[in-house]
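Below is one structure, written out as structure tokens, with a few remarks after it.
Bear in mind these aren't lab numbers, they're just calculated from the coordinates by the rules spelled out. Note that the structure is predicted; figures quoted are calculated from it, not measured. Positions of Cβ are generated from backbone atoms using ideal geometry, with glycine treated the same way; all protein chains shown enter the neighbour counts.
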């Protein structure tokens, strides 16, 4: 007898068809299983990268050479990567501070952080060299307080959204994919973007769009969106299009991206966290320590520029970058997501 779950000894095992890959470059995230599995499908990953795209589930670190030049990591030094992401920058820093160096990696995303920790562990960076912390960059002082010594020699903050988050429709970050209107870096905390829109009045929403994204159509868009129940990214994008019916296509699509950016910043309280981080940054650096911050829009860059300039004026920093540093033409061509990046650095007074 059998209970139906164990086949008879001579029973034929049903044939399982091999999973089909939806073309060379599938459009849907769920179908890109080769891109999301670099251990098994390295050739596919290489082809996607060579085409100037970022493989699904991965992130290509931006301005690595420029950041390493600014931070100048040396063996035995300590570091903090305040936005660990996929771990690309951290991997390069860790390699240069060995032997004897240590790096604290911070990230607020509970979905991606364990993956990145495992990835760096597989490269040989043990607990004595690398420690991961689930926190945004505003929590740096608390984390460093537990270290001996408490300060570090270099601090990196890459303020961009990782490709792993942008490309996953379930996270609701991108206008390119249909998904729930969420946008939270940590889906376990706070309110999604859909709830924020529903409870925000027109005037407050217009101010938010102007402050967070410099959106020129802020008033018009806010009157359309405020108080609305919009459950998906598609619904939000369509509502913006209906709010600006006579706007040229390119300008309209730019406004849609700005609205998504503004809501993401608000949902994750990014500017408040950045202000706290910049205020605490000097106290987290050892004398002569270096900081590098990568920004991706004007609201972030203005804050970093003013903070570094004030620190230089007050004698906190001995040197800051004279001009903003941008990706090379080659990098912008090879990795279009780097196009809007701006790098600024500062060195603490000895």
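Once the piece of chain linking residue 150 and residue 186 is laid out straight, how much longer is it, given 0.36 nm per residue of separation minus the C-alpha distance between them?
10.3 nm
If you scale each eigenvalue of the Cα gyration tensor by 5 and take the root, what three semi-axes come out for the range 150-235, rounded to whole angstrom and sorted largest first?
Whole-Å semi-axes of the equivalent ellipsoid: 27, 18, 13.
Using the Cα atoms of the range 220-350 to build a convex hull, what is its mean projected area in square nanometres?
For the Cα atoms of the range 220-350, the hull's average projected area reads 10.5 nm².
Taking the beta-carbon count within 10 Å as an exposure proxy, list 137, 177 from fewest neighbours to most.
177, 137
How big is the range 186-265 by Rg and Dmax over its Cα atoms, in Å?
Final numbers for Rg and Dmax: 11.8, 39 Å.
Give the calculated FRET efficiency between residue 326 and residue 202 to the nearest 0.05, with a Förster radius of 45 Å applied to their Cβ-Cβ distance.
Efficiency, from the Cβ-Cβ distance: 0.80.
Could you list 334, 69, 109 so that the one with the fewest beta carbons within 10 Å of its beta carbon is first and the one with the most is last?
Fewest to most other Cβ atoms nearby, the residues stand as 69, 334, 109.
For the range 303-350, just the Cα set please: Rg and Dmax, both in angstrom.
Here Rg and the maximum Cα pair distance are 13.5, 40 Å.
With a cut-off of 8 Å between alpha carbons and a minimum separation of six or more residues, what is the relative contact order of the range 84-154 in percent?
34 percent
Normalised by the residues of the range 195-262, what does the relative contact order come to in percent, with Cα pairs under 8 Å and at least six apart?
Averaging sequence separation for qualifying contacts and normalising by length gives 38 percent for the range 195-262.
Any chance you could run the full-extension gain for residue 271 through residue 20? It's 0.36 nm times the residue separation minus the Cα-Cα distance, nm to one decimal.
Gain in length upon complete extension: 86.0 nm.
Mind checking the alpha-carbon convex hull of the range 95-180 and giving the volume per residue in Å³?
Convex hull of Cα atoms, per residue: 116 Å³.
Testing the spin-label approximation: label points 7 Å from Cα along Cα→Cβ at residue 349 and residue 231. State their distance in nm.
In this crude label model, residue 349 to residue 231 measures out at 5.8 nm.
Using Cβ contacts closer than 10 Å as the measure, can you line up 322, 269, 168, 314 from fewest to most?
322, 314, 269, 168
With r defined as the distance between the Cβ atoms of residue 69 and residue 223 and R0 fixed at 56 Å, what FRET efficiency is calculated, to the nearest 0.05?
My answer for the efficiency is 0.75.
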